[in-house]
Amino acid sequence: MSETDSSTYAAAHQRSISDPDAFWLEVARDIDWTTPPTRAVDGTEAPFYRWFPDGELNTSYNAIDRHVAAGRGDQAAYIWDSAVTGTTETITYSQLQEQVAAFAGALAAEGVGKGDRVVIYMPMVPRAAIAMLACARLGAVHSVVFGGFAAPELAIRIDDARPKVIVTSHGGIEPTRKVPYFPMVAKALELTSHTPGSVIVAPRHDQFPDETFPETPGTTWSYWDDVVVDVSPADPVPVAATDPLYILYTSGTTGLPKGVVRDNGGHAVALAWSMWNVYGIRPGDVWWTASDVGWVVGHSYIVYAPLLVGATSIIYEGKPVGTPDAGAFWRVASQHGATALFTAPTAVRAIRKEDPDGAEVAKYDLSTMRTLFCAGERLDPDTYQWATDKLGKPVIDNWWQTETGWPIASNMRGLDPMPIKPGSPTVPVPGYALVVLDSRGNEVPAGEEGNLCIRLPMAPGTLSGLWNDDERFLSSYMSAFAGYYSTGDGGYIDADGYVFVMGRTDDVINVAGHRLSTGAMEAVIAKHPAVAEAAVIGVKDQLKGQRPVGYVVLKAGEVRDPEELRTELVAMVREEIGAVATFRDCTVVQGLPKTRSGKILRKTMRQIADGQEDVTVPSTIEDPAVLDALTPFLRRDK
Ligand code: COA
Ligand code: AMP
């Protein structure tokens, strides 16, 4: 493998935009193809772009087999460090090849083949990654569901993806409790119209000794270790570069999640390139992303990218604090010799809160660690400064989203490191023609805030569409500004070309690095018999970045004890969406401010709650008195 010939950031970015075919075909040589591509981007069905349309490859071969063939068989592919069970385990590339081939064989025996879907609902154990790679080996399409989502959310994803098999485990382990998955999967299967037929369980008997398989009509349950016996290990199946590798559901503005579809070829090429150029990681380096396989950061930078370049990836089951203390991250990084750590700013804030002076940092030898990377939400300058001071290493913000799958903006550590400006993820990554547009679609001058948009085509590895929903793909991302992808984020680019991302322009919120839909929470709250209507907004939170706060209007004649109602609504959101929604605050109000056409003024509410000085109240507001009456409540929730 080699770095790209475009040896400076400016040259690489310029070339990636002016001649994407030449740039990305050259980069694509770092991937092993069964049929090498002769073209990079195909825009014949724009705005649906296809990458490497005549190429064929297998992603699991590129992540595993080729490294074994090249002599890396004895190198660790994954190191599992479970702070919640006190376990560590190393899986070499050779062992991984064997385990992935065996599990792929078991999936094939269940009838899973190219294009079939498999839902994976797993805690942070290596078999989550093995199941994903086994799907990739067969050309099957995985859809991982984050363990913090409750049964109805799992059910929505099962019904949309229509999997043949669900892969799960006995459960996950949170610092204060165990989370059994069997009841969740059983309940989800009660709710779905689709019947997958088979559930395969990666057991955790030691943690969940009393769980037995539930009854689920039409679906049989088996243990992983039983299904891999007597099956032939599966060889990698070549697939078209444009074939889907996975579907990952993410929150949109409405209650229904969007099934982001990722291809095989563009994904492999872009992720491998990003490891070298964005993150400065080389084969043999130990890389650690402290996230969850249920999020895009976990898909890209725990499971796939580190392996695509022959690095070692740490899979961590634990938290930044409380497992057992605020030194957990530094212990793991030091124990396994991590060269880089990638996490969410909220995790750094959680550590700082418990260990403001950095006493825990000082306890560990972090000499192997070159860089701390942060993404998932804005890295605020204060948190940036604290981490920089305590670690004495570059702290690098990178901005991206589930849809793009890899950074849109970053400081290019392996290509051309640049001075850091706190609060900025630095510059657009090669492949992304990032612009700031005003509401009419005109580019705004440097320093002026607007909508962050990407001129089409986007880079390889970005979403190829939404699962079974072309219309939503077009309306969500492509219709606001013709010829551009709308990121849904607002921000600006300064005179030096540095990008500043200021937050979502829609009703998606970001709580502790978790992307959530306020619309989904509103839909749950609206089901309460006493509630006439509700608005949920994300207000600023010192630790989690944002937290959801609900405002509900009761039906005429309903009288409820506010605290009792709050408890009921909190329980409903937890039951329907999951603990991860972190919905705790809810207030009964007399009315919600609306436009004359009935649209709730969530943005105005959010601005008041955040204490913003320049609050925008649309001239179309129906009754300003409603907003005046609500303002003291919003200010209180600041
Ligand atoms: N399975 C089940 N429940 C889960 C879960 C999972 N995988 N992940 C979180 N939850 C639960 C938590 O236990 C908590 O439940 P509680 O309300 O009963 O306490 C709830 O969901 C909210 O979780 P969270 O918002 O994560 O709060 P927390 O207090 O448990 O932890 C942080 C706070 C900052 C330590 C944690 O959010 C964190 O590490 N964030 C980083 C996020 C991240 O990696 N994002 C990916 C992008 S890089
Ligand atoms: P997700 O799809 O869960 O990765 O969430 C994507 C959203 O998180 C983006 O649209 C942003 O709003 C926010 N986000 C992610 N990374 C950053 C960052 N580095 N700076 C600012 N916002 C970010």
Consider region 402-433. How many of its residues are under 14 Å from G491 (Cβ atoms) and touching a Lys or Arg at 6+ places or on another chain (Cβ under 8 Å)? 1
Verdict on A46 being open to solvent by 30 Å² or more (accessible area, probe 1.4 Å), of a type in the set (A, V, I, L, M) and within 30 Å of M478 (Cα to Cα): yes
Restricting to region 119-167, name every residue that is assigned to a strand (DSSP E or B) and within 20 Å of S300 (Cα to Cα). V119, I120, Y121, V141, H142, S143, V144, V167
Here the residues within region 377-393 that are within 16 Å of ligand 1 (Cβ to nearest atom) and either open to solvent by less than 40 Å² (accessible area, probe 1.4 Å) or not charged (D, E, K, R) (or both) are E377, L379, D380, T383, Y384, W386, A387
Residue in region 613-630 that is modelled with pLDDT of 95 or more, hydroxyl-bearing (S, T, Y) and away from ligand 1 (no atom under 16 Å from the Cβ) present: no
Mind checking which residues of region 474-509 are of a type in the set (V, I, T) and either in contact with a Pro (Cβ under 6 Å, 6 or more places away or on another chain) or open to solvent by less than 50 Å² (accessible area, probe 1.4 Å) (or both)? T487, I493, V499, V501, V508, I509
Would you confirm, using the coordinates I've provided, whether V552 is at pLDDT 95 or above, touching a Cys at 6+ places or on another chain (Cβ under 9 Å) and more than 16 Å from ligand 1 (Cβ to nearest atom)? yes
Please go through region 195-220 and pick out each residue that is open to solvent by 30 Å² or more (accessible area, probe 1.4 Å) and within 15 Å of K164 (Cα to Cα). T195, P217, G218, T220
Please go through (1) out of contact with any helix residue (DSSP H, G or I) (no Cβ under 9 Å at 6 or more places or on another chain); (2) free of Cβ contacts under 8 Å to residues at least 60 places away in the same chain; (3) not in a strand (DSSP E or B) for I396 and return the number of the only condition it doesn't satisfy. (3)
Take the residues of region 505-528 that are in a strand (DSSP E or B) and not aliphatic (A, V, I, L, M): which is nearest to A480 (Cα to Cα)? S517
Quick check on region 421-433. Is at least one of its residues in contact with a strand residue (DSSP E or B) (Cβ under 8 Å, 6 or more places away or on another chain), open to solvent by 30 Å² or more (accessible area, probe 1.4 Å) and either closer than 30 Å to G358 by Cβ or more than 14 Å from ligand 2 (Cβ to nearest atom) (or both)? no
Filter result (part of a strand (DSSP E or B) and more than 8 Å from ligand 2 (Cβ to nearest atom)) within region 492-501: Y492, I493, V499, F500
Would you be able to tell me the number of residues in region 260-290 that are touching a residue at least 60 places away in the same chain (Cβ under 8 Å), within 16 Å of ligand 2 (Cβ to nearest atom) and surrounded by 23 or more Cβ atoms within 10 Å (Cβ to Cβ)? 8
Scan of region 559-577 for residues that are more than 11 Å from ligand 1 (Cβ to nearest atom) and part of a loop (DSSP other than H, G, I, E, B), ordered by number: V559, R560, D561
When restricted to R440, R455, R515, the only residue surrounded by fewer than 20 Cβ atoms within 10 Å (Cβ to Cβ) and within 16 Å of ligand 1 (Cβ to nearest atom) is R515
From A556, A532, residue being open to solvent by 50 Å² or more (accessible area, probe 1.4 Å) and not in a loop (DSSP other than H, G, I, E, B): A532
Any chance you could count how many residues in region 355-382 are hydrophobic (A, V, I, L, M, F, W, C) and assigned to a loop (DSSP other than H, G, I, E, B)? 4
Among L379, L372, which is within 23 Å of I79 (Cα to Cα) and within 16 Å of ligand 2 (Cβ to nearest atom)? L372
Of the candidates Q401, Q385, the one satisfying the condition of being out of contact with any His (no Cβ under 9 Å at 6 or more places or on another chain) and assigned to a helix (DSSP H, G or I) is Q385
How about region 531-554: which of its residues are within 14 Å of G513 (Cβ to Cβ) and not acidic (D, E)? G538, L543, K544, G545, Q546, R547
Only one residue in V125, V118 is at negative phi and open to solvent by less than 10 Å² (accessible area, probe 1.4 Å). Which one? V118
Is there a residue in region 51-64 that is over 26 Å from the mean Cα position of the chain (by Cα), hydrophobic (A, V, I, L, M, F, W, C) and more than 17 Å from A104 (Cβ to Cβ)? no
Against the definition (farther than 19 Å from L391 by Cβ, surrounded by fewer than 24 Cβ atoms within 10 Å (Cβ to Cβ) and near ligand 1 (Cβ under 10 Å from one of its atoms)), how does G322 come out, yes or no? yes
Got a number for residues in region 382-406 being hydroxyl-bearing (S, T, Y) and near ligand 2 (Cβ under 9 Å from one of its atoms)? 2
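The values are calculated or read from the model by the stated rules, or taken from the named source; none is laboratory data. Just so it is clear, the structure is predicted and the values come from calculations on it, not from any experiment. Virtual Cβ from ideal backbone geometry, glycine too; neighbours counted across all protein chains shown. Protein only, heavy atoms only, side chains kept; ligands, DNA and RNA dropped before computing areas. Shrake-Rupley method; radii C 1.70, N 1.55, O 1.52, S 1.80 Å.
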